[in-house]
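First comes the structure, then the notes that go with it.
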Amino acid sequence: MKYQSQKIALAYIYVALALFTVQVLMGLVLGYIYVQPNFLSEVLPFNIVRMLHTNSLVVWLLTGFFGAAYFLIPEEAEREIHSPALAYIQLLILVVGTAGVVVTYLFNLFEGNFLLGKEGREFLEQPKWVKVGIVVAALIFLFNVTMTVLKGRKTAVANILLLGLWGLALLFLFAFYNPANLALDKQYWWYVIHLWVEGVWELIMASILAFLMLKLTGVDREVVEKWLYVIVATALFSGILGTGHHYYWIGLPGYWQWIGTIFSSLEVIPFFAMMSFAFVMVWKGRRNHPNKAALLWSLGCATLAFFGAGVWGFLHTLHPVNYYTHGTQITAAHGHLAFFGAYVALNLAMFTYMMPILKGRDPFNQVLNMASFWLMSGGMVFMTVTLTFAGTVQTHLQRVLGMNYMEVQDQLSIFFWMRFGSGLAVVLGVFLFLYAILVPGREVVKPGPVVRASTEPAQ
Amino acid sequence: MSAPPQGLAAEPLEQLPGDLMMWVLIVSELLVFGAGLAAFLSVRLSDPAGFADAQDQLHRAAAGVNTLVLVTSGFFAARASRACLAGRPRQVRALLALAMALGGVFLLVKGLEYAEAIGAGLFLETHPFFTFYYLLTGFHAAHVLAGIVILSLVGWKASPQNLEVGTAFWHMVDLVWVILFPVIYLLR
């Protein structure tokens, strides 16, 4: 650890990991409710669990981004964070807000209250006071990191990270605008939801990935920056007007069908570029960094993001296709692998990279961490494939043959059982990851003898 | 980003005139317009007669004049780039001003065309043909406007590198129009 204030990241990592655990446990409960619909139906209804599952996902990813930024910015700017105290206050606000959200969702004490009641917009259900808290926390954060960068060295990695984080905070302001007209409500709602995950978050992702590549592969900064610019340009070019792919069937003018179809088809390009970037950097890299697990997560992130966000997104983004698949399990398949690949794996890669440095340990025995990568990713890929089959069957039965919704759900039960199984694998993978990263390894594994492949023909 | 680093770009990429980022943008634009035209042609298959009738409402002569205007403008921009290499800053600015003025003429003619179509009650939602017509030519016109801004910027900070970047964009705008024009206005 070069700078003392990088320690701030540690607190953020712990909070993020705690929420991550909540998220996957809620996911497991949801998976079980799909196959046993009466499970907890009185105490913890499906819609509440779903809110907890998605909200905790977003909050822990954000917390992880903040933590990553507090680690990355000092190293890029070559100076300490402007004010560590502010960083802890920011975290406190986020934790209090999150606790408030959980209490509000579970017990619903303030139904209908302007300030305290939940707001009822999918993913933006948080009561207004929590939204205000998020904005205050974001402002504190932006002030803190921007001051650090302004006083320090300016690099493309830090600048693009800041651009992404500023965009994230500014776009969140649309969460406060809630028109009575449902079509307009949805139109602005996507300014937060879409322009986050398919816009500014991609900038955050690209810059964090670039930072990891710089550190892990030792490729020249110039080369990394050039890739970074190309990735960011293609992400914004396709992603901003790609918002149109949410405007097909919500009452907006028909031309959005073509704008959305054409631009969102190109959203696969930045994800392909990020995957190529990661692999090319590793091939070109001269440095043999000991933290192999962080490298595995980085490559896994870029690859699974390409498939989850890029390929599975393209699968249903053309409006003539989406006409049939909209809101089926195809969407769930895409959502799971996209979030896991692009943002979960990214955070876990960064945590895996940061932890040994923050703890002042040698990169300890990472076999468990790597095993958790395969278990979690394997589970998630299996879940995605399962849900894709479920979605295909559902699309045909429900949208082509016109069977009714509940009848179709019955037909899908085999897939939902398999999804529950794969969810179990993911949760086990998460526990394994937590153990691997929180409990210090006691042995440093020495590499075995190098076996060189023979170039001579067999005798 | 001027010094070409080893690594990302193989040799051929390093030999691109101007800046790599401009070429990323140009390729992206061509993909978008290409996809738009492909979609236009596919939808046209479902209703050739309707598309032909709709096309008859357009002002072909105006679009033909605009083609000449834009290609001539591209010529002046290319001369400006050459003049910059030869180190004649006054000539660079004069040629760029001509190119930009012709861009302005293009927009004026296009504006008159739109006014005529709207006056005749032809809107985005009137017919699929007009959805594509307005989207494609509208996006293109927005790029003409952006191109004029870019040309003014590279005229202000004139250097051979900047001129190459600016004219590359301007030629892309040219190229897209040269493809849009026959497909939308002339194809029967």
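Computed with every protein chain present, the accessible area of A:D220 is close to 50 Å² [probe 1.4 Å]. Per residue of peptide A:258-265, the mean number of Cβ atoms on other chains within 10 Å of the residue Cβ is 4. Can you give me the span-like helices of chain B, meaning DSSP H runs with 24 Å or more of Cα extent along the axis and Kyte-Doolittle mean at or above -0.5? Helices passing the filter in chain B: B:20-46, B:60-85, B:89-119, B:128-156, B:160-180. What accessible area, in Å² to the nearest ten, does a 1.4 Å probe give for A:L195? Here the residue's solvent-accessible area equals roughly 30 Å².
Heavy-atom accessible area for A:Y323, with the other protein chains in place and a 1.4 Å probe, reaches approximately 140 Å².
How much area per residue is accessible in the stretch B:1-147 when the probe is 1.4 Å and only protein heavy atoms are counted (Å²)?
Here the residues of the stretch B:1-147 average 49 Å² of exposed surface.
Rounded to the nearest whole angstrom, the semi-axes of the ellipsoid equivalent to the stretch B:71-188, taken from the Cα gyration tensor as √(5λ), stand at 32, 13, 11, largest first.
Restricting everything to alpha-carbon atoms, can you work out Rg to Rh for chain A with a Kirkwood hydrodynamic radius? Don't skip to the answer; put the middle values down first.
Values: Rg = 22.2 Å, Rh = 23.0 Å.
My calculation of the ratio gives 0.97.
Normalised by the number of residues in chain B, the mean separation of alpha-carbon contacts (under 8 Å, six or more apart) gives a relative contact order of 33 percent.
Give the residue list of chymotrypsin sites (Phe, Trp or Tyr not before Pro) in the stretch B:114-181 that are DSSP loop and have at most 15 other beta-carbon atoms within 10 angstrom. Listed in order of number, the matching sites are B:F123. Each stretch of four or more DSSP H residues adds -39500 (n - 2.57); spread over every residue of chain B, this sum gives -27000 deg cm²/dmol at 222 nm. Within the stretch A:89-116, which residues have the backbone N less than 18 Å from the label spot 7 Å out from A:D185 along Cα→beta-carbon, could you tell me? Within reach of a label on A:D185: A:111-116.
Note on B:D47 and A:R361: their simple-model spin labels are 6.6 nm apart, each label 7 Å out from Cα toward Cβ.
Peptide A:215-224 is shielded by partner chain Cβ atoms: per residue, an average of 2 of them sit within 10 Å of its Cβ. A straight Cα-to-Cα reach below 17 Å connects B:K110 with the aspartates and glutamates B:D56, B:D174, residues fewer than 8 places away in its own chain not being considered. Counted by Cβ distance under 15 Å from B:I150, the other residues give a net charge of -2, where Lys and Arg count +1 and Asp and Glu count -1.
Do any chymotrypsin sites (Phe, Trp or Tyr not before Pro) in the stretch A:63-127 lie in a DSSP loop with no more than 11 other beta carbon atoms within 10 Å, and if so, which? Don't skip to the answer; put the middle values down first.
On the way: sites: A:F65, A:F66, A:Y70, A:F71, A:Y88, A:Y105, A:F107, A:F110, A:F114, A:F123; in loops: A:F110, A:F114, A:F123.
Answer by residue number: A:F114.
Going from the isolated chain to the complete set of protein chains, the stretch B:21-38 loses at least 30 Å² of heavy-atom accessible area (1.4 Å probe) at B:M21, B:V24, B:S28, B:L31, B:V32.
Let me check something: with ligands and nucleic acids excluded, how do B:I148, B:I26 order by accessible area (1.4 Å probe), largest to smallest?
Details: B:I148 35, B:I26 10 Å².
Highest to lowest solvent-accessible surface, that is B:I148, B:I26.
Between chain A and chain B, roughly 2000 Å² of accessible surface gets buried, counting both sides and using a 1.4 Å probe. Note on surface exposure: A:W227, A:W249 rank A:W249, A:W227 by accessible area, highest first, 1.4 Å probe.
A convex hull fitted to the Cα coordinates of the stretch A:248-389 yields 114 cubic angstrom per residue. Surface composition of chain A: carbon and sulfur atoms hold 69% of the protein heavy-atom accessible area at a 1.4 Å probe.
Looking at this model, which pairs from A:K151/A:K226; A:K131/A:K292; A:K128/A:K359 are more than 31 angstrom apart at the alpha-carbon?
Working: A:K151/A:K226 24 Å; A:K131/A:K292 39 Å; A:K128/A:K359 37 Å.
Distance filter (> 31 Å) returns A:K131/A:K292; A:K128/A:K359.
The values are calculated or read from the model by the stated rules, or taken from the named source; none is laboratory data. What you see is a predicted model, and the numbers here were worked out from it, not measured in a lab. Note that each Cβ is placed from the backbone with ideal geometry, even for glycine, and that neighbours are counted across all protein chains shown. When the accessible area is computed, the model is the full protein with side chains, heavy atoms only, and any ligands, DNA or RNA have been set aside. Shrake-Rupley method; radii C 1.70, N 1.55, O 1.52, S 1.80 Å.
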